[in-house]
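I have placed the structure first, in the form of structure tokens, so that the comments after it can refer back to it.
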Amino acid sequence: MSFVLGRDADREDGPSCRLGVYRALDGSDGAPLALDLDSPHAIALVGKRGYGKSHTMGVIAEGLARASGLAPVLIDPMGAFETLASSADGEPVPATVVAEPTVAPASLDPRSWCTLLGLSPESAAGSLLWRAAQAEPTIDGMRTHVESADAARAARRAATNHLRLADSWDVFDADGLGARALAGPEITVVDVSGLSAAPMNAVCRGVAEALYRARVDAAVDRLPWLLLDEAHTFFDGVAAPALETILTRGRAPGVSLVAATQRPSALPDVGISQSDILVSHRLTAGDDLAALEAAQPTYVGGSLADADRLPEAPGEVLVIDDATETVHAGRVRERDTPHGGESPAASDVVVPER
């Protein structure tokens, strides 16, 4: 019988995914360990590079794609999760990869447009950009609005040049990714690996806004799960307001968030404090250990940052579960689809003989 993380004693049924097994004190495998998929959750997934964080994200993604009633979306900044669409061992993993994602310009509010393009709203150019974003739903419309504005030529030129920069990213389209395209039964992998931080954040903001608003407006029936790899990149950009909204208000409309990062110390306080499940792989940096300890619930005895308590080997995890107010040592199962997060090695390079 599996123990289901995130599921309290009052609920026995509902979808879950196979996460792995308990890890005994002697390092041996114990009983099966699963993750609840029936209720909305906020999950923080942390761990230093090379210890299985992205692998665990892939395991969760496989379970979400196979469950009914869900609409999982994974924002992939490293290009590591397109393998979810590959052949799987056992039950198929329905997956779609969006290689060139676009989002509607209107998914960013005027203040976010100023932040995205590095213009102060109080500046002449920033004020023009603000008003254009309020008035127009497309970048072409915003540029026309700026060019025809009764403003100094220098301000119009600066605002126009910034909008040209945004247009050059090729991530804005009034018909870009919307909730209906994202809310299918398969997992949608949104590949932003070819983008720099600003357009990457714009795509994440548009996706997060679309999923949350669609559930608030009852426009989609499936419950969205948004998975973020390298989540600190998005909490540090224009995507942050939408992500924080999901963290603090997502439970009521049924929107879940899985935020994975190598640097828990770089996440805002809300990124940890609002998580009802914390999954930690190995951590060694002082700031990251301090962040883990700061997030420690009162029901946990001793320190989570103790060396003898933290995982040591790749694939091992320490899980804090608010639903049952318990702490678990586990080992994550193997992926059913190929793992795409391995680092290349020089020893694997075949050099032709001269």
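The values are calculated or read from the model by the stated rules, or taken from the named source; none is laboratory data. Small disclaimer: the values here were computed from a predicted structure and weren't measured. Because the Cβ atoms are built from the backbone with ideal geometry, glycine has one as well, and the counts that use them run over all protein chains shown. Just so you know, the surface numbers come from the protein's heavy atoms only, side chains and all, with ligands and any DNA or RNA stripped out. Shrake-Rupley method; radii C 1.70, N 1.55, O 1.52, S 1.80 Å.
Given R₀ = 51 Å, what would the calculated FRET efficiency be for Leu25 paired with Ala197, taking r from the Cβ atoms and rounding to 0.05?
On the way: r = 43 Å, r/R0 = 0.84.
In this case the efficiency is close to 0.75.
Just how far, in whole angstrom, is the range 183-247 from the range 128-174 if you go by their alpha carbon centroids?
With the range 128-174 and the range 183-247 each reduced to a Cα centre, they are spaced 24 Å.
Give the residue list of trypsin sites (Lys or Arg not before Pro) in the range 170-273 that are DSSP loop and have at most 14 other beta-carbon atoms within 10 angstrom. Can you show the working numbers first?
Numbers: sites: Arg180, Arg205, Arg213, Arg215, Arg222, Arg249, Arg251; in loops: Arg222, Arg251.
Answer by residue number: there is no such site.
Modelling each spin label as a point 7 Å along the Cα-to-Cβ direction, I'd like the Asp140/Thr324 distance in nm, to one decimal.
Going from the Asp140 label point to the Thr324 one covers 5.7 nm.
Calculate, in nm to one decimal, what Ala154 and Tyr299 gain on full extension: separation in residues at 0.36 nm each, minus their alpha carbon distance. If you can, show how the numbers build up before the last one.
Values: separation 145, 0.36 × 145 = 52.20 nm, distance 5.94 nm.
Between Ala154 and Tyr299, full extension yields an extra 46.3 nm.
Please report the relative contact order for the range 1-146, taking Cα pairs under 8 Å with a sequence separation of at least 6, and give it as a percent rounded to a whole number. Present the calculation step by step, with values, prior to reporting the outcome.
Numbers: 151 pairs, mean separation 20.4, N = 146.
In percent, rounded to a whole number, it is 14.
Give me the net charge for the shell around Ala67: Cβ to Cβ below 15 angstrom, other residues only, Lys and Arg +1, Asp and Glu -1. Write down the numbers at each step before the final one.
On the way: positive: Arg7, Arg18, Arg66, Arg222; negative: Asp13, Asp36, Asp38, Glu62, Glu91, Glu186, Asp221, Asp336.
Value of the local net charge: -4.
What percentages, rounded to whole numbers, describe P(r) for the chain computed over all alpha carbon pairs with 10 Å bin width beginning at zero?
5, 24, 31, 22, 12, 5, 1, 0
Note down the nm distance, to one decimal, between modelled labels 7 Å out along Cα→Cβ at Ala9 and at Glu312.
About 3.4 nm, to one decimal.
Counting DSSP beta bridges with both partners in the chain, what percentage is antiparallel, nearest 5?
Numbers: 19 of 50 bridges.
Around 40 percent antiparallel, to the nearest 5.
Anyone know which of Thr144, Thr248, Thr160 comes out most mobile in the 10 Å Cα GNM of the chain?
It is Thr144.
Over the chain, what relative contact order in percent results from Cα pairs under 8 Å that are six or more residues apart?
Working: 724 pairs, mean separation 96.5, N = 354.
Result for the chain is 27 percent.
Rounded to a whole number, what % of the accessible area of the range 1-113 do carbon and sulfur atoms account for, probe 1.4 Å?
Values: 2380 of 4800 Å².
Using a 1.4 Å probe with all protein chains present, the range 1-113 comes out at 49 percent carbon and sulfur.
Taking the 0 to 90 degree range and rounding to the nearest ten, how far is the long axis of helix 197-216 tilted relative to the main principal axis of the chain, both from C-alpha atoms?
Around 80 degrees separate the two axes.
Please report the accessible area of Ser123 (heavy atoms, 1.4 Å probe, ligands and nucleic acids excluded) in Å², nearest 10.
Approximately 40 Å² of Ser123 is accessible to the 1.4 Å probe.
If amide hydrogens are placed 1.01 Å from N in the peptide plane, which non-local residues have theirs closer than 5 Å to the one on Trp225?
Ala71, Val73, Ser256
What's the magnitude of the charge dipole for the range 1-137 around its Cα centre, counting Lys and Arg as +1 and Asp and Glu as -1 at the beta-carbon? Answer in Debye, nearest 20. Walk me through the numbers before you get to the answer.
Numbers: 10 positive and 17 negative charges, 92 e Å.
That gives a dipole near 440 debye.
May I ask for the angle, rounded to the nearest 10°, between helix 240-249 and the longest principal axis of the chain, with both axes built from Cα atoms and the value confined to 0 to 90°?
Rounded to the nearest ten degrees, it is 50.
Tilt of helix 53-66 relative to the longest C-alpha principal axis of the chain, in degrees (0 to 90, nearest 10)?
90 degrees
Let's see if you can work this out: charge +1 on each Lys and Arg Cβ, -1 on each Asp and Glu Cβ, no other charges. What is the dipole magnitude of the chain about its Cα centre, in debye to the nearest 20?
Details: 29 positive and 50 negative charges, 181 e Å.
Dipole of the chain, to the nearest 20 debye: 860 debye.
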